[in-house]
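Right, one structure below, let's go through it.
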Amino acid sequence: MLKEAINLQDNAVSQLIEQINRKDEITFKAPTGSGKTYMMADFMNRIISENQSIIFLVSTLSKGNLAKQNYDKFLQYVNNGNFPALNPCLINTEITGEETLYIPTEYNVYLLPRDLYKKGGRLMKGAMKNFLDTITGSLFGLNKKIYLIKDECHIETSNLNSISVNYFSKIINFSATPNLKRGQTPDVEITENEAIEAKLIKHVEFGSDDDTIDSALNKFQDIKESYRNLLEVNPCLIIQISNKERADEELRNTVFPALAKHQDLKWMLIVDKYSECDTNDFFKEKKVPVSKWKDYAKGNISTIDVIIFKMVISEGWDIPRACMLYQVRDVKSKQLDEQVMGRVRRNPRLLDFENLSDEAQKLATTSWIWGISNDKKGKSYSVKLFEESEDITNEIKLKTTRLKNLTEKIDFNLNDFILKQNNLYSCSNIFELYKKLNKSDDNIKKMCYEYADSVDKWWKFNDNIDAISKEYNKFSCNYEISMEIVKDDKGDEQLISFPVESFYIDNENYLNIPNWVWKKKNGNDKFSFDSEAEREWASLLQELSYDKTIKKVICGKRNSIAQNLLKGIVPDKIAPTPKFLWGKNYVANSEIKFEYYLEGIHSSYPDFILMDNNNKIHIFEIKSVNISNSAKFDSQKYKEKIEELEKCYAKASKLTKYIFYLPIQQNEQWHIIRFINGNKNILTKEEFKNKFFEYKNYML
């Protein structure tokens, strides 16, 4: 699993801990597929490890069997050694006496299914109150505190709310789409863009309004073999139909006629009434229970190609292999749209993503959706390089840097290092050793498996993993010896460019840019940026890139522009002339990155790349401390990251001979850190503009 994904989840849980220590009720928002259940378990494990007088009641408010699903996951985490403090219990009607429902008190995590606390249900007739009184009572009870977790909190319940004041010390709301009041923001949030960049979830390619269900099925057939060959996963297309009387009409007139054209595809219809569920697979003939159909459909090697459903899959049924969604029903709720979209956005190869080829990684992080309006913030836009992509990729070529592994250090021998340690065979528990290895940096794991060709070596390595990690950290942080230019298979310095195709998430912060390296599929010049600071910097680069003495735009390759001007040829379709080529370094498919070390190796994807008319490369990484939600901003971690990026860019500027910039916005002011051949300068915005043009002659 990528370090970026691990850190994103870990930081979110740390923020939850910080917030729950400050407030009695907090809300956590994270996209479906970003590991919400895992983070919930991590959060509970940390709290219980510090205070065993706290127990958790996890209420699953959605339809379906989400409580059982969460319970199974919690058990799996415990058995895998991830969160040993958890002792989960699924409250169900099977735990019962002859007359009343009984809830045992020896557990510390209780999962409460939605249907058990409906008004008039057996649980609410006294069993729940008896349980809560026993847990929290000081006289004859256990005198413990109960923290209530509302999973899928966007669905409300009045029964639990009515007793919350009396029994729950803290309330934690989890959802991809929480109900927030006007102007209210989540206390902790993993944004969609953050989850996509960490490869936790897929980006979305939306189908055209003119596309039909045939378009979706044809696209599915196109990618099916690639999915199997590159990812070793059988993909799945989900078709969502209406809930009520229109469902039969949609099946009869739209879905089944389209499927009839693809006789090789296996399909499954899942609806509320088991008697109305259907399939063309062997389940029906062998009279296998529908519950088994659903279990089988989840697996990565399941042969079910198409799953047709009403609303039963919108929450609580995880199918990571699902990568396409076609929505027949007309949904008016943005919340429901986001919930069902999450079903096809899970990364099916998240745990070993770094081992996949570039082509496989692109496939694993792409989803296709039809029938859901995408004219809203958060939409994914595809972009391609402007003009002939070959011209730009041949003209802009640059080097990148990587951090070498400890085993590449000239004077380091892993076997000798281990033998010098004093604590050989100091640990007798193989499970503890494996747990420590599993929590280590990916490069440490790689070192282990390359070194350990026997059980004895594996034991020696993991017995000394703390010392190895310390030495690894020391080496990685010393960029003078650990950083190098990325090389190709022949050992030559590798030159890369912008990817031919990429995408970005619409986060508003709009700017019209008619003349840079990118063009959008729809042809318009309106681009969105991740933050207001980034948009402002893009505007500055746009301003600097135009020659204001020529009041027309020239569209085309930069060198061709210069040659035509020298010949006196000025094209008809022109406005301000670009002085240099520049563009946003969209992370999707990009290889333009520079590695740095901060509790593990990370990749810095600079925001903008610019090449001037003297073929000098300028690299910009934009930062801002203008965070609207202070709960999401950790100033200390931000400071540590900036300091590490400074060290990284200083060394990278010496190796590559490029000019690196860290423009940091605070309020309305810019604090610009510049590195030229390892030398650091601090500039204001005006100084940057003046010195930018002083550095070289930018005449065409």
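Can you work out which of the residues in segment 658-672 that are touching a residue at least 24 places away in the same chain (Cβ under 8 Å) and not in a strand (DSSP E or B) is surrounded by the fewest Cβ atoms within 10 Å (Cβ to Cβ)?
Asn667
Which residue pairs have Cβ atoms closer than 6 Å, lie 6 or more positions apart in sequence or on different chains, and pair a first residue in segment 123-149 that is under 13 Å from Tyr102 (Cβ atoms) with a second residue that is at pLDDT 85 or above and surrounded by 13 or more Cβ atoms within 10 Å (Cβ to Cβ)?
Qualifying pairs under 6 Å: Thr134/Thr105.
Just one of (1) farther than 23 Å from Asp352 by Cα; (2) among the hydroxyl-bearing types (Ser, Thr, Tyr); (3) touching a strand residue (DSSP E or B) at 6+ places or on another chain (Cβ under 9 Å); (4) part of a helix (DSSP H, G or I) trips up Thr185, so point out which.
Result: Thr185 passes all but (4).
Name every residue in segment 593-624 that is surrounded by fewer than 21 Cβ atoms within 10 Å (Cβ to Cβ) and assigned to a loop (DSSP other than H, G, I, E, B), in order of residue number.
Answer for segment 593-624, where residues must be surrounded by fewer than 21 Cβ atoms within 10 Å (Cβ to Cβ) and assigned to a loop (DSSP other than H, G, I, E, B): Lys593, Leu598, Glu599, Gly600, Tyr605, Asn613, Asn614, Asn615, Lys616.
Just give me the residues in segment 172-193 being crowded, with 21+ Cβ neighbours inside 10 Å and at pLDDT 90 or above, in sequence order.
Ile172, Asn173, Phe174, Asp187, Val188, Ile190
May I ask you to list the residues in segment 219-233 that are under 21 Å from Lys298 (Cβ atoms), touching a residue at least 24 places away in the same chain (Cβ under 8 Å) and not in a loop (DSSP other than H, G, I, E, B)?
Initially, segment 219-233 is screened for residues under 21 Å from Lys298 (Cβ atoms), giving 220, 223-224, 227-228, 230-233.
Now drop any that are not touching a residue at least 24 places away in the same chain (Cβ under 8 Å), which leaves 220, 223-224, 227, 230-233.
Of everything in segment 219-233, those that are under 21 Å from Lys298 (Cβ atoms), touching a residue at least 24 places away in the same chain (Cβ under 8 Å) and not in a loop (DSSP other than H, G, I, E, B) turn out to be Phe220, Ile223, Lys224, Tyr227, Leu230, Leu231.
From the set of residues in segment 518-541 that are over 26 Å from the mean Cα position of the chain (by Cα) and closer than 18 Å to Phe620 by Cα, which is surrounded by the fewest Cβ atoms within 10 Å (Cβ to Cβ)?
This residue is Ser539.
Can you tell me which residue within segment 370-403, out of those that are among the basic types (Lys, Arg) and part of a strand (DSSP E or B), is modelled with the highest pLDDT?
Of the residues in segment 370-403, the ones among the basic types (Lys, Arg) are 376-377, 379, 384, 397, 399, 402.
Filter once more, keeping what is part of a strand (DSSP E or B): 384, 402.
Working: Lys384: 87, Arg402: 94.
If we take residues in segment 370-403 being among the basic types (Lys, Arg) and part of a strand (DSSP E or B), then Arg402 is modelled with the highest pLDDT.
Residue by residue through segment 406-423, note down the ones that are among the aliphatic types (A, V, I, L, M) and not in a loop (DSSP other than H, G, I, E, B). Explain how you work it out, then say what you get.
Quick first cut of segment 406-423, residues among the aliphatic types (A, V, I, L, M) only: 406, 410, 414, 418-419.
If the condition is that a residue be among the aliphatic types (A, V, I, L, M) and not in a loop (DSSP other than H, G, I, E, B), then Leu406, Leu414, Ile418, Leu419 are the ones that fit.
So which residues in segment 143-168 are modelled with pLDDT of 85 or more and loosely packed, with under 14 Cβ neighbours inside 10 Å?
Within segment 143-168, just Asn143 meets the criteria.
From the list Ile223, Ile196, Ile213, pick out the single residue that is crowded, with 19+ Cβ neighbours inside 10 Å, out of contact with any helix residue (DSSP H, G or I) (no Cβ under 6 Å at 6 or more places or on another chain), not assigned by TED's automatic domain parsing to the domain that holds Tyr586 and not polar (S, T, N, Q). Talk me through it step by step, then tell me what you get.
Working: Ile223 fails: crowded, with 19+ Cβ neighbours inside 10 Å; Ile213 fails: out of contact with any helix residue (DSSP H, G or I) (no Cβ under 6 Å at 6 or more places or on another chain).
Being crowded, with 19+ Cβ neighbours inside 10 Å, out of contact with any helix residue (DSSP H, G or I) (no Cβ under 6 Å at 6 or more places or on another chain), not assigned by TED's automatic domain parsing to the domain that holds Tyr586 and not polar (S, T, N, Q) holds for just one of Ile223, Ile196, Ile213, which is Ile196.
Look at Ile485 and say whether it is touching a residue at least 60 places away in the same chain (Cβ under 8 Å), surrounded by fewer than 16 Cβ atoms within 10 Å (Cβ to Cβ) and either in the same structural domain as Leu437 (by TED's automatic domain parsing) or closer than 30 Å to Asp416 by Cα (or both).
Values: touching a residue at least 60 places away in the same chain (Cβ under 8 Å): yes; surrounded by fewer than 16 Cβ atoms within 10 Å (Cβ to Cβ): yes; either in the same structural domain as Leu437 (by TED's automatic domain parsing) or closer than 30 Å to Asp416 by Cα (or both): yes.
Spelling it out, Ile485 is indeed touching a residue at least 60 places away in the same chain (Cβ under 8 Å), surrounded by fewer than 16 Cβ atoms within 10 Å (Cβ to Cβ) and either in the same structural domain as Leu437 (by TED's automatic domain parsing) or closer than 30 Å to Asp416 by Cα (or both).
Kindly indicate the residue of segment 568-592 that is of a type in the set (A, V, I, L, M, F, W, C) and not in a loop (DSSP other than H, G, I, E, B) and also modelled with the lowest pLDDT among those meeting that condition.
Quick first cut of segment 568-592, residues of a type in the set (A, V, I, L, M, F, W, C) only: 569-570, 574-575, 580-582, 587-588, 592.
Now drop any that are not not in a loop (DSSP other than H, G, I, E, B), which leaves 575, 581-582.
Details: Ala575: 41, Leu581: 82, Trp582: 91.
Among them, the one singled out is Ala575.
Can you tell me which residues in segment 646-676 are of a type in the set (S, T, N, Q), over 29 Å from the mean Cα position of the chain (by Cα) and at pLDDT below 95? Outline the logic, then answer.
First pass over segment 646-676, keeping only residues of a type in the set (S, T, N, Q): 653, 656, 665-667, 669.
When the remaining residues are screened for being over 29 Å from the mean Cα position of the chain (by Cα), the result is 653, 656, 669.
Gln669 - this is the single residue of segment 646-676 that is of a type in the set (S, T, N, Q), over 29 Å from the mean Cα position of the chain (by Cα) and at pLDDT below 95.
For segment 234-246, how many residues meet the condition of being surrounded by fewer than 20 Cβ atoms within 10 Å (Cβ to Cβ) and in contact (Cβ under 8 Å) with a residue 24 or more places away in the chain? Talk me through it step by step, then tell me what you get.
Filtering segment 234-246 down to residues surrounded by fewer than 20 Cβ atoms within 10 Å (Cβ to Cβ) leaves 234, 242-246.
After this cut, where a residue has to be in contact (Cβ under 8 Å) with a residue 24 or more places away in the chain as well, the list is 234, 242-243, 246.
Of the residues in segment 234-246, 4 are surrounded by fewer than 20 Cβ atoms within 10 Å (Cβ to Cβ) and in contact (Cβ under 8 Å) with a residue 24 or more places away in the chain.
The values are calculated or read from the model by the stated rules, or taken from the named source; none is laboratory data. Computed from a prediction, not measured in an experiment: that's the story for all the values here. Cβ: placed from backbone, ideal geometry, glycine included. Neighbour counts: every protein chain shown.
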